[in-house]
Amino acid sequence: MSQVVQSRRIRAIDLAKRKAAGVKIIALTAYHAHTAGILDPHCDFILVGDSLGMVMHGMESTLPVTLEMMIVQAQAVIRGTTRALIVVDMPFGSYEASREQAFLNAARVLKETGAGAIKMEGGAHFAETVAFLVQRGIPVMGHIGLTPQSVNTMGGFKVQGRDTEGEHRLMADAKAINDAGAFAIVMEGIVEPVARAIATSPDITTPTIGIGATTACDGQILVLEDMLGLSDRAPKFVKRFGSLRAHIEGAVEAYAEEVRAGRFPADEHTYQPV
């Protein structure tokens, strides 16, 4: 007789319960097992973001990131965690061509990583794809507003919703993704009044996750390296909760000085004959 194994991880459906209870949803990005392990006790979900292209590989945008890159890093994050829901970004070119392409690639991500959900950028024009995936058992997190994969058509990383047309488009995008069955919607780089209107709209029943949006969102997410002060530059919406870059630079400088001076390794760092 087969035995059912019950996962102890937070599931996509649990975020709706947090919204209903008025409990803020906590999220950060991670790409490595060790950093993911640090985040795991504190985050409701961890996003393996395609931002890894810029953060880890020094790319100018997220566009060159491949599905294989996302899978490898998601596997690492899964190995470093036991509690948080792991959400994996679908990279540029992996879901836009058709609903079927999106399903096959999303299914591959879930199968090969063990993650609990995927995230897709795009508004109303992708609502049909979101519904197609959800109906086939794939939890989808939406992403509207400043969508980095559209940087070329947007003309850069520009804040969204500054005019009436943009406001109406964003509300329509949020409602379409909500109605398609997304379990949450990331809202990035949206002017505060517009983001607040979306987050508090009775038409938006799924949890909203802000990044450069509004405190009215049901949760917040930041890129870990940005909030730790590891990045050279960070967007305006980032608060640096740490200054790890300076600490790392200090540690490396001290190491180099001790090696040059012959003080490292000392006796306590070497193996002596018994």
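With the cut-off at 28 Å, report for segment 1-140 the share of all Cα pairs above it, as a whole percent. Cα-Cα pairs of segment 1-140 separated by over 28 Å account for 17 percent. Taking amide H as placed 1.01 Å from N in the peptide plane, the amide H of ILE25 sits under 5 Å from that of GLY219, GLN220, each at least 5 places away or on another chain. For the residue pairs LYS19/LYS119; LYS175/LYS236; LYS24/LYS119; LYS17/LYS158, the C-alpha atoms sit more than 29 angstrom apart in LYS17/LYS158. Near VAL186, the amide H atoms lying under 5 Å from its own belong to GLY142, HIS143, ILE144, ILE209; only residues 5 or more places off or on other chains count, and H is placed 1.01 Å from N. In order along segment 88-104, the phi-based Karplus estimate (6.51 cos²θ - 1.76 cosθ + 1.60, θ = phi - 60°) of 3J(HN,Hα) comes to 10, 5, 8, x, 4, x, 9, 8, 6, 5, 6, 4, 5, 4, 4, 5, 4 Hz; Gly and Pro are listed as x.
Near the amide H of MET59, within less than 5 Å, lie the amide hydrogens of MET54, all on another chain or at least 5 residues away, with H placed in the peptide plane. Highest mean packing comes first when the peptides 108-116, 235-243 are listed by Cβ atoms within 10 Å, giving 108-116, 235-243. Here the 3J(HN,Hα) profile of segment 181-193, calculated from phi with Karplus coefficients 6.51, -1.76 and 1.60 at θ = phi - 60°, is x, 4, 7, 6, 9, 7, 10, 10, x, 10, 4, 4, x Hz, Gly and Pro shown as x. In terms of overall dimensions, the C-alpha atoms belonging to segment 7-58 reach 40, 19, 16 Å along their principal axes, ordered largest to smallest. Only alpha carbons enter this Debye calculation for segment 181-220, each as an equal point scatterer, and the log10 of I(q)/I(0) it gives at q = 0.17, 0.20, 0.31 Å⁻¹ is -0.33, -0.46, -1.06.
Charge tally around PRO41: other residues with Cβ under 15 Å, Lys/Arg +1 each, Asp/Glu -1 each, net +1. Enter the angle in degrees (range 0 to 90, nearest 10) between the Cα long axis of helix 67-79 and the first principal axis of the Cα atoms of the chain, meaning the one along which they spread out most. Orientation of helix 67-79: about 70 degrees from the principal axis.
Return one number: the angle in degrees, 0 to 90 and rounded to the nearest 10, between the long axis of the Cα atoms of helix 164-180 and the longest principal axis of the Cα atoms of the chain. The answer is roughly 90 degrees. Short to long, the 10 Å bins of the Cα pair-distance histogram for segment 12-227 hold 9, 37, 40, 13, 0 percent of all pairs.
Read the figures in this text as sums done on the coordinates, not as results from a lab. From a predicted model like this one, the values you see are computed outputs, not experimental measurements. We place every Cβ from the backbone using ideal geometry, glycine too, and count neighbours over all the protein chains shown.
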